[in-house]
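Below is one structure, written out as structure tokens; comments come after it.
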Amino acid sequence: MEKITIEQAAAGELKTKPNESALGFGKIFTDHMFVMPYSADKGWHDPAIKKYQNFSLDPSAMALHYGQAIFEGLKAYRSQDNQIRLFRPMANLTRMNVSAARMCMAQIDPGQVLNALKKLVSIDQAWVPAAKGATLYIRPTMIATEAGLGVRPALEYLFFIILSPVGAYYAEGFNPVRIYVTDKYVRAVRGGVGHVKTAGNYAASIMAAVEAKKLGYTQVLWLDAVERRYIEEVGTMNIFFKINGQIITPPLGGSILPGVTRDSVLQITRDWGMDVQERPITITEVMEANTRGELEEIFGTGTAAVISPVGELYYKGEAVTINGGNTGKVAQRLYDELEAIQYGYKPDPYGWMELLA
Ligand code: COI
């Protein structure tokens with residue numbers, strides 16, 4: 001990558017920092033952003049860190065019409081000794097290339113982009129919250145910017161990174177969320193794009209989420225698109241079950257997102273010596289386990305969602321309460337373990353954390 005041009009905002013242009021106890025999710029953005037255009041003839045060029053600002057886009061920019069748009073989400077944490085730590089950034093950046101390949105978009109150089117990302121976070125490091133549970137959410141994004149209405153891979157893209165200090169994704173915080181299982185709508189089919197982080201997956205999920213919300217549910221749990229029996233994922237997180245002592249999560253069959261937190265939870269629970277299975281699981285198996293009193297816990301995993309316990313599941317007219325509507329022991333232990341690794345309360349045995357410098 002060429003040398004990054006840095007145009008820092010003037011002191012008088014810096015925004016006021018928010019109250020760390022009321023951040024919400026993705027509503028506030030920092031002072032700077034990273035941008036880097038691509039064209040088929042020049043490749044990636046003119047990388048720059050500049051003041052957070054609007055883009056100028058041709059109204060026929062292909063991302064706006066045909067959805068060549070992909071993104072990632074990762075976080076920076078401030079440790080007690082005031083170091084800024086990134087959680088598994090290369091896992092996100094290499095996944096972005098899987099998304100780019102599936103969407104016929106340009107490949108990035110993950111190592112070079114990581115350097116740019118570190119530089120950006122370093123410039124805006126005063127924005128990394130110190131409060132427990134608050135982090136700096138990092139959103140690398142790529143959109144097709146070429147002007148034109150032909151449906152084909154664009155020849156021009158814009159890669160950018162924006163930063164947002166965040167608290168919990170759900171209004172519930174770490175408290176259990178209520179989940180609505182839909183068999184009316186589907187998220188993804190095998191052969192489609194469900195396994196990559198492309199904007200359209202989220203657009204397609206909104207209607208089901210709106211309907212669930214009207215009924216008092218936080219999120220939707222998706223079933224497979226063919227038989228509408230097998231559990232896939234929740235709109236913004238992967239999902240885990242604890243049934244009769246066993247931890248179960250659906251396998252990466254091509255229609256669910258290979259979550260970085262999902263992968264971390266699999267490694268941690270296996271290291272704890274738990275019986276962990278990645279295998280197909282039907283909604284009927286879950287409901288029957290509940291009837292037998294064997295459904296001990298459900299929790300979601302995600303960068304934004306962290307570990308989110310599920311307190312209630314609604315399926316076909318039946319609402320079941322999980323673990324008395326309380327956070328389960330495994331969800332709590334995982335939350336504490338991840339938090340300890342991420343904020344540096346304990347050593348990181350996995351080599352997951354990367355310091356800025
Ligand atoms: C994340 O967890 O980083 C996500 O991208 C999920 C969501 C906020 C879209």
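Derivation of every value follows stated rules applied to the coordinates shown; laboratory data play no part. Just so it is clear, the model here is predicted, and its values are computed rather than measured. Cβ coordinates were reconstructed from backbone atoms using ideal geometry, including for glycine residues, and neighbour counts include every protein chain displayed.
How far is helix 110-123 tilted, in degrees, relative to the longest principal axis of the Cα atoms in the chain, given as a value from 0 to 90 rounded to the nearest 10?
Helix 110-123 sits roughly 80 degrees off the main axis of the chain.
Can you tell me the orientation of helix 89-102 relative to the chain, as the angle in degrees between its alpha-carbon axis and the longest Cα principal axis, to the nearest 10?
Relative to the chain, helix 89-102 is tipped by roughly 90 degrees.
Can you tell me the FRET efficiency between ALA101 and ALA171 if r is taken as the Cβ-Cβ distance and R0 is 41 Å, rounded to the nearest 0.05? List each step's numbers first, then the result.
Details: r = 36 Å, r/R0 = 0.87.
Calculated value: 0.70.
Please work out how much length the chain gains when fully extended from ASN244 to THR291, using 0.36 nm per residue of separation minus the C-alpha to C-alpha distance, in nm with one decimal. Display every interim value, and only then the final one.
On the way: separation 47, 0.36 × 47 = 16.92 nm, distance 1.22 nm.
Length gained, ASN244 through THR291: 15.7 nm.
Give, rounded to the nearest 20 debye, the magnitude of the charge dipole that region 5-166 has about its Cα centre when Lys and Arg contribute +1 at Cβ and Asp and Glu contribute -1 at Cβ. Walk me through the intermediate numbers first.
Details: 17 positive and 13 negative charges, 125 e Å.
That gives a dipole near 600 debye.
Relative to the longest principal axis of the C-alpha atoms of the chain, give the angle of the C-alpha long axis of helix 329-343, reported between 0 and 90° and rounded to the nearest 10°.
20
Could you give me the ³J(HN,Hα) list for region 181-198, computed from phi with Karplus coefficients 6.51, -1.76, 1.60 and θ = phi - 60°, whole Hz, x at Gly and Pro?
8, 9, 10, 8, 10, 10, 9, 7, 10, 4, x, x, 10, x, 8, 10, 9, 10
Please list, in chain and number order, the residues 5+ apart from ILE281 or on another chain whose amide H is under 5 Å from its amide H, with Hs placed from the backbone.
ILE231
Can you give the FRET efficiency to the nearest 0.05 for LYS3 and MET207, using r as the Cβ-Cβ distance and R₀ = 41 Å? Please list the in-between numbers first.
Working: r = 45 Å, r/R0 = 1.11.
The pair LYS3/MET207 has a calculated efficiency of 0.35.
Calculate the spin-label point distance for VAL189 paired with THR321, positioning each point 7 Å from the Cα along the beta-carbon direction, and give it in nanometres.
Here the modelled spin labels are 4.1 nm apart.
Please report the spacing between the Cα centers of region 231-309 and region 54-116 in Å, no decimals.
Region 231-309 and region 54-116 have Cα centres separated by 26 Å.
If r is the Cβ-Cβ distance from PHE55 to LEU215 and R0 is 51 Å, what FRET efficiency results, to the nearest 0.05?
That gives a FRET efficiency of 0.85.
Go ahead and estimate [θ] at 222 nm for the chain from helices alone: -39,500 (n - 2.57) per DSSP H run with n ≥ 4, summed, over the residue count, rounded to 500. All intermediate terms of the calculation are to be shown ahead of the outcome.
On the way: 7 runs with 85 residues, N = 357.
Taken over the chain, the calculation gives -7500 deg cm²/dmol.
Would you mind checking which residues have amide H under 5 Å from HIS32's amide H? H placed 1.01 Å from N; only 5 or more apart, or other chain.
TYR52
How much length, in nm to one decimal, is gained on full extension between ASP263 and LYS132, taken as 0.36 nm per residue of separation minus their Cα-Cα distance? Numbers along the way, then the final one.
Details: separation 131, 0.36 × 131 = 47.16 nm, distance 2.33 nm.
Working it through step by step, the gained length comes to 44.8 nm.
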